[in-house]
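What follows is a short report on a single structure.
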Amino acid sequence: MKPVCRSILAALGLFVVAPTAVYAADRPPAGDFPDKPIRVIIPFPPGGSNDLLMRFLGVKLAERLGQQIVVDNRGGANGIIGATLAAHAPPDGYTLLMVSTSYIMNAAVRSLLPYDVEKSFAPVAMIGTSPNCIVVNPGFGVDSVRELVERARAKPASIFYASTGVGGFNHFGGELFKKLAGINLVMVPYKGGGAAMVDVIGGQIPMMFSSVTQVLPHVRSGKLKVIAVGAAKRTPALPDTPTVAEAGYPGYEVYVWWGIVAPTGIAPAIVNRLHKEITAILTEPATHDRLANDAAETIIVSPAEFARFMHEDLQKWTAVAKEAGIHLQ
């Protein structure tokens with residue numbers, strides 16, 4: 001797989017209650033599809049990276065397809081409620097699902113799901129990826145990974161971190177760090193990344209493990225502080241922030257990715273149309289210029305390559321969950 005990577009800005013600050021219609025330009029759709037609005041289910045509440053990214057893309061996709069893109073937030077159970085709703089929708093291309101790392105992680109930690117992550121949906125397009133980071137409230141008094149570890153070792157189980165729930169991206173990021181650092185942090189579940197971040201900003205909880213994309217606007221405004229990035233190298237968006245490996249814990253690499261899938265049974269011609277338009281959006285020079293200063297990268301692969309990527313990711317996180325003892329029914 002040889003992705004074409006470009007920088008992408010997901011955190012646009014569009015905290016709008018769903019469902020929200022993104023209106024298209026006044027021109028008819030090309031071909032037979034689409035001839036009515038398309039609903040994209042976001043399986044998390046407003047404010048998280050999935051929601052922000054899809055609302056940005058939805059504007060451009062509506063313009064290209066000539067139809068409304070209706071962003072429908074259906075949060076709950078770490079994305080399972082929204083995914084279940086999408087799995088039972090007609091496979092006609094008018095209901096799509098925004099998926100991310102948590103979509104695969106749910107399957108890695110749960111023996112029973114109301115859908116099959118590899119059989120219930122057809123991959124449409126991968127969108128992008130962003131590194132994980134360790135982010136704290138500035139009032140927490142921790143300015144480095146070393147200080148965090150020292151405080152956690154001095155008082156085990158006294159530091160809490162916000163998460164979207166057991167088996168989610170934030171949880172896996174926290175558990176992997178706990179293992180490498182040999183410390184005990186306590187996970188506090190929230191209904192979504194947006195709600196978790198609000199409480200970290202407000203100081204109700206001191207820290208969280210999140211994508212850089214989601215927290216970056218609040219880092220730039222001084223409301224949050226990133227003490228380390230969970231990537232192989234430093235991100236250009238935070239050039240002075242070390243990686244977790246640089247801070248003394250090699251092997252800590254966690255990324256969030258995003259993509260779009262559709263209920264299985266969708267016509268290949270519709271998948272091809274959607275993939276073509278999304279790819280065109282990701283490669284627009286204007287989009288690249290607008291997004292170049294942020295922490296995520298677009299990933300352009302075929303639907304088949306996206307399916308293979310998700311399969312490999314499922315194997316990876318299943319092994320991590322088994323080793324960490326993370327398992328739910």
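The values are calculated or read from the model by the stated rules, or taken from the named source; none is laboratory data. Note that the structure is predicted; figures quoted are calculated from it, not measured. Note that we place each Cβ from the backbone using ideal geometry, even for glycine, and neighbour counts take in every protein chain shown. In case anyone asks, the SASA skips ligands and DNA or RNA and just uses the protein heavy atoms, side chains included. Shrake-Rupley method; radii C 1.70, N 1.55, O 1.52, S 1.80 Å.
Structure summary
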read-out	value
For the chain, calculated [θ]222 nm from helices alone, where every DSSP H run of n ≥ 4 adds -39500 (n - 2.57)	-11500 deg cm²/dmol
Modelled FRET efficiency - R0 22 Å, L180 with E147, Cβ distances, 0.05 increments	0.85
5 angstrom amide H check on T243, placed H, neighbours 5+ away	V229
Listed residues G203, G194, G174, most fluctuating in the chain (Gaussian network, C-alpha, under 10 Å)	G203
Å² of accessible area per residue within the chain, as computed with a 1.4 Å probe and no ligands counted	40 Å²
Distance histogram in 5 Å bins (all Cα pairs of segment 202-287, percent per bin)	3, 11, 16, 16, 13, 12, 11, 10, 7, 2
Carbon and sulfur %, accessible surface of the chain computed with the full protein complex present, 1.4 Å	56 percent
Exposure ranking of L328, L97 by accessible area [1.4 Å probe, largest first]	L328, L97
Overall form of segment 245-329 per C-alpha gyration tensor (a/c, 1.5; a/b vs b/c)	oblate
³J(HN,Hα), Karplus 6.51/-1.76/1.60, whole Hz, each residue of segment 179-193, x for Gly, Pro	5, 5, 8, x, 10, 10, 9, 10, 7, 10, x, 10, 7, x, x
Solvent accessible area, Å² - K179, 1.4 Å probe, full protein context	120 Å²
Tail weight of P(r) past 28 Å, computed on alpha-carbon pairs of the chain, percent	37 percent
Cα centre as origin, Lys/Arg/Asp/Glu Cβ charges: segment 107-219 dipole, Debye	240 debye
Backbone HN-Hα couplings from phi across segment 164-177 [Karplus 6.51/-1.76/1.60, Hz, Gly and Pro as x]	7, x, 4, x, x, 4, 5, 5, 4, x, x, 5, 5, 5
Positive dipole terminus of the chain, leading residue within V40, S111, N50 (C-beta point charges)	S111
Heavy-atom accessible area order for D32, D92, largest first, 1.4 Å probe	D32, D92
Accessible surface of V320 - all protein chains present, 1.4 Å probe, nearest 10 Å²	40 Å²
Unit charges on C-beta of K, R, D, E only; dipole of the chain, Debye	400 debye
Alpha carbon convex hull of segment 78-237, projected area averaged over orientations, nm²	10.5 nm²
Solvent accessible area, Å² - H311, 1.4 Å probe, full protein context	80 Å²
Where a label projected 7 Å from the Cα of D240 along Cα→Cβ would reach, residues of segment 109-152 with amide N under 16 Å	138, 143-145
Förster radius 30 Å - calculated FRET efficiency between K155 and E118, Cβ distance, rounded to 0.05	0.10
Angle in degrees between helix 303-324 and the longest Cα principal axis of the chain, rounded to the nearest 10	30 degrees
